[in-house]
Structure formats: structure tokens, C-alpha cells
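Worksheet: one structure, shown below.
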Amino acid sequence: MSTEYVNPLRDPRDKRLPRIAGPSGIVIFGVTGDLSRKKLMPAIYDLANRGLLPPGFALVGFARRDWDNEDFSKVVHDAVREHARTPFSEQVWRHLAEGFRFVQGSFGDDDAFDTLASTLADLDRVRGTGGNHAFYFSIPPNAFPVVLQQLRRSGLADPHGDEWRRVVIEKPFGHDLASAQELNTIVNDVFPKESVFRIDHYLGKETVQNLLALRFANQLYEPIWNANYVDHVQITMAEDIGIGGRAGYYDGIGAARDVIQNHLLQLMALTAMEEPVSFDPKNLRTEKIKVLSAVRLPADLGQATARGQYAGGWQGGQKVVGYLEEEGFSPTSKTETYAAVKLLVDNRRWAGVPFYLRTGKRLGKRVTEIAVIFKRAPHLPFARTDTEELGSNALVIRVQPDEGVTIRFGSKVPGPSMEVRDVNMDFSYGQSFTEASPEAYERLILDVLLGEPSLFPQDEEVELSWKILDPIERYWAKLNSQPEPYTAGTWGPASSDAMMARDGRVWRRP
């Protein structure tokens, strides 16, 4: 067994008590994909570099590639060198690499899973992983059943004594309510609910977690966080990239299923939820479920939704092609790359307050934010001409890329007249804290190893999200029309702006 490793980057004078995972390892199915190379492997290294992994941690890759352990180690090394957040340390790397193993085989190969079982048993003996293993499904949902059955057949899904086995599942989790329920049944037939971790990487971002701190650690906001003062809420996830190279995944899925069903509805639940009794996972989940259960769709979905598909144009100083010209896509595809919906929450706190959710590709910039827009003040003391540039107060939580919070309010312009204009007061994580925010996958992988489920949607949340989105998808399918085109580099189709204008509102321009 390896001798205990002490991270040289860790300050022994630091009296904070970070959460450190106990003896454990991770098996990654789909280890040759981009997610593994760009996110998972670097996140595991960064956790090791921060001293948050156990000394005998093990990482096992499973794929069809004809690699040996040394080949796999080089792949991880190159991924870490290119994508890790923390500085590269040869000492940390050497110690971590001692626990790398690779198993070659297909998902239907009994011998490969038997080899995997013997490999993990050997790691329990050599690395001291203690029979504690997480199985990361970075694979298409149609491969879930066969991998789950193989884990059951080989005995890998069944812990003994105090051991634990957990499964980590990437989105998309189904394509509608029925398929999500079917997948839930398949997964829970092999792993109990408390051992299933559904990854939503947005919930691992520091700024999303700071939303809870902002709301519940500050007395300032609670009195005005309701329908008496809030006019509406806008939740935006915009990307400035297209779909190039993702035809197999994206076509037929679309922006609403890809982003609104999971990421944006989770952000909405965290924004609208009541204060939990504690941040215990069960209490946190209970409050989110209350919000999702109270969501109501407007009666006229034609007036309360918008969908679009990016066309070619100029973006970032270069000419880009439209969605229908991307390689691998049908020239008649009706898959949307932009989706916007208006939702209502039928409870006392939010009665009458619309929540507008939007997401899209090839938009004006990459940004994810939650904007709470407050009702306008009466402005009774001011002449109308003195407040022409004054808008509504707003609290904007920037999830990415410039993590922070902005408050917009009116202030007097210096001079002899009482002229009031909007100004911003800004908080930035990068400027306020010397410690860089960890990547979302660092937090989530550590939580899996710790058995901490707070940031992972459970069965009921997933199914409630599909209940919200399914009627919208059915309405769009019934229309059987091409999504409205919008020029790359703009902020979406005209129908989205028209949806807001009908309510007397406008989208924020981040």
C-alpha cells in the first residue's frame, strides 16, 4: 500500500477544515470523450492538488480503445496539463497516477466487466479504496441499461458491509416524462435512490451556491423577495458558439430539452424557493420540489413561448454558418437552437410574478445570469424629464463567466438639477477573494465521494421538470413549423422580444 501523501501546497497553518473524501475510487465509462478529457480528469487532478482526495484514490477508465495503463496515464496527463485549473505539480501527479488503471472492452462484454471487478478488488487491496467505488456514466442514455445490468451481473453494484457503490449520471436524463420515468425505474432497480447522483454542473458553480447565501444570510433581501416588490425574473443561459460536431447529440433534442429542463428550472427553483429548515439535502430538496410543483404554464403557449434557429452571419470577427449548414445536420431540421418560455409560480410569495427563461446558441455573448427585476418606484418627487434614463432596480447574479453580483439603482447626476440615472454597484468573485473559485465538477465529484446529495436533482425533481416542459414540446411539435431564424451574434428571434413586449417588458442585454 502507498505511503500517506501530504500535499506540499497545503498550508499547515490553515485552520479551516475542508471536507476530505475517505478511501474511494471512480470508474469512468466513456473515458475517451471530451467531457472526461476536458472536465472530469482535470477536476480529479485539481482535487488531488488541493489535498481533498484520499491518499490511495483510484481512477479507472473503461473504453474500447486498445490502451494499457501507461497509455491511459498519458491521456490523463495530457488532459490535466491542458485543462487543469491549478498549477501542475509533478509530485502530486506521480502519487495520483499510481492509482490509474484502464480496462478495455465494450458495454456488452461480460469478460471486460469481470476484469473490471478484479481490477477494483486489486485496488481495494493495493490502494486501500475499501470497496468504495463511484461509477460515472459519461455515456448516451441508451447505453444505461446494459451497463447497469453488467454492474449487477458482475457484483459491482452490491456493496458489502460498510462499503458503498454510487452511480453518477450525466444529462440528458430522458427526452420526456415517460422516458425519464422509465430510466428512473431502470437505474433504481440496480442502485437505491440515495446512491444515484444526477449531475447538473450548473448546481456545482460557486455563484449558484452563493445565491442561497445571498438570500438567506442577508436580512436585506428577504423583505422584498416577493410579489409585492418583484416585477419579474429573467434567467438566461446564452452561448456564443454553434453546434459544430454535436449533430449526433443535439439534433432532435434542442435548446429547451438541453438546457431549460435541467439547468434553468433548477436555477428558477433555487431563486424562488422558501428558506429551508436547514441545508440538509432532504430539506433543500423539499423546498425546490414545492416550487417546481407550483409552476403553471400560461394558457396560450403561442404567446408565452418562442423558439428560433440560428442563421449564418458574422460573429467574433469571422463569418459563421447557420445551423442548417452545420456538418451532419439535415437541411430541413426543425430542432430549435433558441428557446424562451414564460412560467408562473402559483404560491403566495410569487403570485402574478412571471419567470422568463431563455437559452440559445450563437447569441451575442456567453453569459449565464439570474436577474431579479423590481417594480418601478412612483417617482412622485421627480419631474418626468428628470428621470428619462431611470429604469427598474435590479439584482443580477452572474453565474458565468464573470462570477459575481450587480445591483442596479437610481442615483442623482452631479449638477444643479435633480436628474436621476441608473448606476451599477458590482461585486466580483475574482476581485474580492484571493482564492479562485473551483470548477463545478470539482465540487460535484467531491460531493459524490462524500455521499453529499444536496446539489444533485433526484427522481421527483427530474420528473416535475419534464411535466413542465412536455406540454411546451407537444405544442411546438403540433405546430410542425420551422423555428424562426435569427442572425448569429444577435440575441435571438424577434418572436422572443415580442413575447416580452406583450407584457410591457424587455429582455436584459447582459
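The values are calculated or read from the model by the stated rules, or taken from the named source; none is laboratory data. None of these values were measured; they are calculated from a predicted model. Quick reminder, even Gly has a Cβ in these numbers, built from the backbone with ideal geometry, and neighbours come from all protein chains shown.
Just a yes or no: is a residue in segment 284-293 modelled with pLDDT of 90 or more, crowded, with 20+ Cβ neighbours inside 10 Å, of a type in the set (A, V, I, L, M, F, W, C) and under 15 Å from the mean Cα position of the chain (by Cα)? No: segment 284-293 contains no residue that is modelled with pLDDT of 90 or more, crowded, with 20+ Cβ neighbours inside 10 Å, of a type in the set (A, V, I, L, M, F, W, C) and under 15 Å from the mean Cα position of the chain (by Cα). Filtering segment 248-283 to residues that are among the aromatic types (Phe, Trp, Tyr), part of a helix (DSSP H, G or I) and surrounded by fewer than 21 Cβ atoms within 10 Å (Cβ to Cβ) leaves only Tyr249.
Of all the criteria given as (1) outside any loop (DSSP other than H, G, I, E, B); (2) closer than 20 Å to Leu40 by Cα, the one not satisfied by Phe173 is (1).
Across segment 120-137, what is the total count of residues that are in a helix (DSSP H, G or I) and surrounded by 18 or more Cβ atoms within 10 Å (Cβ to Cβ)?
Applying the first criterion (in a helix (DSSP H, G or I)) to segment 120-137 yields 120-126.
Add one more test, that the residue is surrounded by 18 or more Cβ atoms within 10 Å (Cβ to Cβ), and what stays is 120, 123-124.
The total comes to 3.
All of (1) modelled with pLDDT of 90 or more; (2) part of a helix (DSSP H, G or I); (3) buried (at least 17 other Cβ atoms within 10 Å of the Cβ) hold for His232 with one exception: (2). Here Asn218 fulfils each of the conditions (1) out of contact with any Asp or Glu (no Cβ under 9 Å at 6 or more places or on another chain); (2) among the polar types (S, T, N, Q); (3) not in a loop (DSSP other than H, G, I, E, B) apart from (3). Within segment 180-201, residues that are within 16 Å of Gln266 (Cβ to Cβ) have Cβ atoms under 7 Å from residues that are small (Gly, Ala, Ser) and modelled with pLDDT under 90 in these pairs: Ala180/Gly174; His201/Ala440, counting only partners at least 6 apart in sequence or on another chain. What about Asp71, is it part of a helix (DSSP H, G or I), charged (D, E, K, R), assigned by TED's automatic domain parsing to the domain that holds Phe113 and at pLDDT 90 or above? The answer is no for Asp71.
Condition check ((1) touching a Phe, Trp or Tyr at 6+ places or on another chain (Cβ under 8 Å); (2) in the same structural domain as Trp350 (by TED's automatic domain parsing)) across all residues:
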| site | (1), (2) |
| --- | --- |
| Asp158 | no, no |
| Asp162 | no, no |
| Arg165 | yes, no |
| Asp189 | no, no |
| Ser195 | yes, no |
| Leu214 | yes, yes |
| Tyr221 | no, yes |
| Glu239 | no, yes |
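If I filter segment 168-187 for residues that are farther than 17 Å from Ser118 by Cα and more than 25 Å from the chain's Cα centre (by Cα), do I get at least one hit? Taking every residue of segment 168-187 in turn, none turns out to be farther than 17 Å from Ser118 by Cα and more than 25 Å from the chain's Cα centre (by Cα). Considering every residue within segment 138-145, establish whether at least one is farther than 30 Å from Gly174 by Cβ and surrounded by fewer than 18 Cβ atoms within 10 Å (Cβ to Cβ). No, every residue in segment 138-145 fails to be farther than 30 Å from Gly174 by Cβ and surrounded by fewer than 18 Cβ atoms within 10 Å (Cβ to Cβ).
Report yes if Ser417 is loosely packed, with under 14 Cβ neighbours inside 10 Å, in contact with a helix residue (DSSP H, G or I) (Cβ under 9 Å, 6 or more places away or on another chain) and small (Gly, Ala, Ser), otherwise no.
Details: loosely packed, with under 14 Cβ neighbours inside 10 Å: yes; in contact with a helix residue (DSSP H, G or I) (Cβ under 9 Å, 6 or more places away or on another chain): yes; small (Gly, Ala, Ser): yes.
The answer is yes for Ser417.
For segment 457-510, give me each residue that is part of a helix (DSSP H, G or I) and either closer than 24 Å to Arg398 by Cβ or without any contact (Cβ under 8 Å) to a residue 12 or more places away in the chain (or both). Step through it out loud before you land on a result.
Kept after step one, since they are part of a helix (DSSP H, G or I), are these residues of segment 457-510: 459-479, 494-502.
The answer is Ser465, Arg474, Ala477, Lys478, Leu479, Ala494, Ser496, Asp497, Met499, Met500, Ala501.
I need a count of the residues in segment 114-135 that are under 12 Å from Val60 (Cβ atoms) and touching a helix residue (DSSP H, G or I) at 6+ places or on another chain (Cβ under 7 Å). The qualifying residues number 4.
Scanning for something among the acidic types (Asp, Glu), more than 24 Å from the chain's Cα centre (by Cα) and more than 27 Å from Pro140 (Cβ to Cβ), does segment 341-348 turn up at least one residue? Checked segment 341-348: at least one residue is among the acidic types (Asp, Glu), more than 24 Å from the chain's Cα centre (by Cα) and more than 27 Å from Pro140 (Cβ to Cβ). Quick check on segment 235-247: of everything there that is part of a strand (DSSP E or B) and touching a helix residue (DSSP H, G or I) at 6+ places or on another chain (Cβ under 6 Å), which residue is farthest from Gly364 (Cα to Cα)? The extreme case among them is Ile235. Among the residues of segment 85-112, those that are part of a helix (DSSP H, G or I), surrounded by fewer than 22 Cβ atoms within 10 Å (Cβ to Cβ) and out of contact with any Phe, Trp or Tyr (no Cβ under 6 Å at 6 or more places or on another chain) comprise Glu90, Gln91, Trp93, Arg94, Ala97, Asp110, Asp111, Ala112.
Residues that are in contact (Cβ under 8 Å) with a residue 40 or more places away in the chain and either over 23 Å from Asp200 (Cβ atoms) or not aliphatic (A, V, I, L, M) (or both) within segment 33-53 comprise Gly33, Ser36, Arg37, Lys38, Lys39, Pro42, Tyr45, Asp46, Ala48, Asn49, Arg50, Gly51, listed in sequence order.
The rows are residues; the columns are (1) under 23 Å from Ala498 (Cβ atoms); (2) assigned by TED's automatic domain parsing to the domain that holds Val353; (3) of a type in the set (S, T, N, Q).
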| position | (1), (2), (3) |
| --- | --- |
| Tyr249 | no, yes, no |
| Asp258 | no, yes, no |
| Pro276 | no, yes, no |
| Thr286 | no, yes, yes |
| Leu292 | no, yes, no |
| Leu301 | yes, yes, no |
| Arg307 | yes, yes, no |
| Val321 | no, yes, no |
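Residue count for segment 28-63 satisfying the condition of being acidic (Asp, Glu), crowded, with 21+ Cβ neighbours inside 10 Å and out of contact with any Asp or Glu (no Cβ under 7 Å at 6 or more places or on another chain): 0.
Could you run through segment 438-475 and say how many residues are of a type in the set (Lys, Arg) and at pLDDT below 90?
First, the residues of segment 438-475 that are of a type in the set (Lys, Arg): 443, 467, 474.
In the following step, the residues that additionally are at pLDDT below 90 were identified as 443.
Within segment 438-475, residues that are of a type in the set (Lys, Arg) and at pLDDT below 90 number 1.
Only a single item in (1) surrounded by 15 or more Cβ atoms within 10 Å (Cβ to Cβ); (2) farther than 24 Å from Leu455 by Cβ; (3) of a type outside the set (Asp, Glu) is not met by Val168, and it is number (2). Of the residues making up segment 251-266, those that are in contact with a helix residue (DSSP H, G or I) (Cβ under 7 Å, 6 or more places away or on another chain) and either among the hydrophobic types (A, V, I, L, M, F, W, C) or more than 17 Å from Leu357 (Cβ to Cβ) (or both) number 3.
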